[in-house]
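Report on the structure given below.
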Amino acid sequence: MKVAMVGNPNVGKTALLNAITGGDFIIGNFPGTTVEKKEGKGKIDGVEVEFIDLPGTYGLEDVSSPDEKIARDYILNEKPDLILNVVDASNLERNLYLTLQLMEFGRPIIVALNLVDEAKKKGIEIDSEKLGKILGMPVVETVAVENIGVDELKRKILEGGKKGIIHVKTLEERIEKAEEIARKVTKKKVVAKSVGDMLDEVFTDKYLGIPIFFAFMWMAFRFTYDVASPLVTLIDLVITQLSELFSAYPVISDGVITGVGSVLVFVPNIAFLFIALAILELSGYMARAVFIMDKTMERFGLNGRSVVPLIMGFGCNVPAIMAARAIEDKNARIVTILVNPFISCSARLPIYVLFAGAFFAGMESAVIMAMYLLGVLVALFSALLLRKFVFKGEGQFIMEFPSYRFPRLKDVWLLTWNRTKHFLQKAGTVIFAMSIVIWFLTNYPSSEIRYSYAGMLGYFIQPIFAPMGWGWELSLALIMGFVAKEVVVETLGIVLGNPAAIAGLLTPAQALGFMVFTLLYMPCLATLAAIKAETESWKWTIFAVSYGILIAYTLAFIVTALGGLIF
Amino acid sequence: MVPLALMKEGSKGVVREIVGGRGAYVKLQEMGITRGKEIKVLRSSGALLVAVNGTKFVVGRGLAMKVMVDVSKDREKS
Ligand SMILES: Nc1nc2c(ncn2[C@@H]2O[C@H](COP(=O)(O)OP(=O)(O)OP(=O)(O)O)[C@@H](O)[C@H]2O)c(=O)[nH]1
C-alpha cells in the first residue's frame, strides 16, 4: 500500500512520518525542509505500508514552483492508494484550500489534523468530527511530536480513507469554500499576546534586530571554534599516533593517514557550526534572520533567503549549496549557489593559520579575519554583478514565519549529521584517493621531491604564477588544492618536510597574495559536483571555475603588488 | 487603495486586489493572502513583515507592490 503525505510547509509531515514508522527523517523548523520526496516503510498490523513524504506545498497549481510540481506529478503519475493530508490545526482555513484541491484528484484521503497543541495555545479549537462530516473523509487529531493520535491514524490508514464529498473547480470557489468550512468548525478564544509575538517584536526591531543577529552569529562562531578545539586536538593526536603505528608502510602512514587525517581534523569545527545553526533553525529564529537581512541582501540582488546558505558556507560549501534549494526564485537561487564558494569554508582556515603564523606573527587574527571578510565581499559583489548583467529580473519573495519551538536533541542531531555527512563522504572518497595519488606523485620516479612527478608538474606550472613570486612548491600545492583546499597545506607539508618552512620562500606580500588566491581560486571538487547537481548546468559549473580563477588571479596580483609597496 | 509596499508600519487594511501576473496571484491566494482579508503591516524595512489571519509572512518589496490594499476608514469586509 502506498500512502502519499501532502501538506503545507512546516505542518509536521516529516514528524508524523517518523511517529508512524519509527523512522529518523530530518525535521526542520524552516519552511522547505523537505525538498525532495522522502520514502519510509512501516508495518501496521503486519501490513506493509510505504509512505512518501512530499515537499511541503501551499497548493498544486503554481507550475513555476518545483515543490508543487514534484507533489502534483507524484499524485498524478503514481496514483497513491491513499493521500494523507497533514493539516495545521492553528491555520485551518489556509490548509483546507489544499485539501479541497487534493479532493479533485479522486484518490482516497485521510486528514491528519496536526499541531492541535499549538492551536490550543492560540485559543483555537476545532470540531474535528464535524469537519469530517462536512468533508466526507476521516479526520484524526494528532500531535506528531508527542505521539498523540498516531495509533488512531494508523487504524484509519488501514481502513483506507474516503474520497470526499465536496467538489469545487476554481481557485476562487475553493478559497470561499475553505473559509466557509473553517468558520463552521472553528471556535476561537481571545488569548493574551503570546511569547512568540513578543520575541518577534524584539528580533525584527529596526534597531535591535541586526545587532541581535550578529550576536547570535558571533556566538555560533565562538561555539564552533572554542568549544570544538579540544576535540580537534584529540583527533590530531590520534592521527599522529596512527601514522607512527604504520610508519613501516609509507603509503599508509604518510599517504592515507596523513592525508585523510588532515581533513578529519575539521570535522569537529564543521559539526559544531552545524549544531549551532540547527538550534537556530529549529527554534524558528532563522526565519526571523531572513527578514532582518533581507534589506542588506537586496542591495546585492539577493534576498533574505540567501542568508542561510551563505552562513552555512563558513562550515562547508557543499551542504550550503544544497540549502539554497529553499530559495524559490530561480535567478536568486543560482546566484546564491555560484557565489557560495567565495565564502571561506573551514577547510581554508589551516592555510590562513599557516601563512599568518609564518609571516604575520602578532597580527594573525586580523589577517585571518580580513580573509573571511574579503570572501564575503567578493561573494556579495559577484552576486551584484551577476544579477545586473546575467540573471536579470526581480524575484518574488514570500515566506511564512514558523512558530517558535524548543529544539529537540534528536532533531538537532539529525540535521547536523545530515550536513556533516557530506564532508565525511568527501574525506572518505575524494581525499582518500587523492592522498594515494599525491603520495605516488611525490615519491616516483625519485623520492627526492624536486625530481619526482610532482616536482616536474610544479616546475611546469610555476611560470604562470611567477608574477606573484610563488615558486614550484607553492604552484604544485595550488594544483593539488583543486581537489580540496585542505590538500594545499598537506602538499606543502610533504614537499617541504615541514609546512612552516615556507617562511623562507616568500615575502610577506607574496604570502598575502597566496592566501587571497587560495581563498578565491576554485571550488573544491565536492563543491563543483554540488554546483553541477544544483544548477543542472555544465555551463554554470564551468563558469564558477573560470570566474573564480580570474578573480583570484587578479586580486592576488593586486595584493602582492600593493603589499610589496607597503611591507 | 495603496500597494502593500507603501503602507506604514503598524497600519491595517483590507486586501482588495492582486495586480500583475497570474503567478503572483496564485501564489498569494494559496498562501492565504486573499481578497477581503485584513492585513496588518508589522514591520517595513526592505521586505515587509505582515500578519494575515494570525499568520506572519515576510513579503519582498517587489511582490508587495502587487498587493492592493484598501486603507480607507469605511472599509468593510467584502
Ligand atoms: N508542538 C508541535 N510541534 C510539532 C508537531 N508536529 C511537528 N511539530 C514541529 O513542527 C516543525 C516542523 O515539522 P516537520 O515535520 O519538519 O514539518 P514538514 O511538514 O515535514 O515540513 P517541510 O519539510 O518544511 O514541508 C518541527 O519543529 C516539529 O518538531 C505537533 O503536533 N506539535
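Every number here is computed from the coordinates shown, using simple stated rules; none is lab data. Predicted model only: the values in this text are computed from it and were never measured. Virtual Cβ from ideal backbone geometry, glycine too; neighbours counted across all protein chains shown.
Here are some notes:
- Remark: chain A carries a charge dipole of roughly 680 debye about the Cα centre, counting +1 on each Lys and Arg Cβ and -1 on each Asp and Glu Cβ.
- Shape call, the stretch A:440-536: gyration tensor on alpha carbons, a/c limit 1.5: oblate
- Beta bridge orientation in the stretch A:2-188: antiparallel %, DSSP, nearest 5: 40 percent
- In chain A, the calculated helix contribution to ellipticity at 222 nm averages -18000 deg cm²/dmol per residue, counting -39,500 (n - 2.57) for every DSSP H run with n ≥ 4.
- Amide H contacts of A:Ile398 (H built 1.01 Å from N, under 5 Å, at least 5 apart or other chain): B:Gly60
- Shielding of B:21-28 by partner chains, average beta-carbon count, 10 Å: 5
- Neighbourhood net charge (15 Å Cβ-Cβ; Lys/Arg +1, Asp/Glu -1) for A:Leu273: +2
- 13 Å beta-carbon shell around A:Lys122, net charge (K/R +1, D/E -1): +2
- Summed side-chain charge close to B:Asn53 - residues other than B:Asn53 whose Cβ falls under 9 Å, Lys, Arg +1, Asp, Glu -1: 0
- Working note: Karplus 6.51/-1.76/1.60 with θ = phi - 60° gives the stretch A:431-436 the couplings 5, 4, 5, 5, 4, 5 Hz, where Gly and Pro are set to x.
- Restricting the GluC sites (Glu not before Pro) of the stretch A:232-340 to loop positions (DSSP other than H, G, I, E, B) with no more than 12 neighbouring Cβ atoms within 10 Å leaves nothing.
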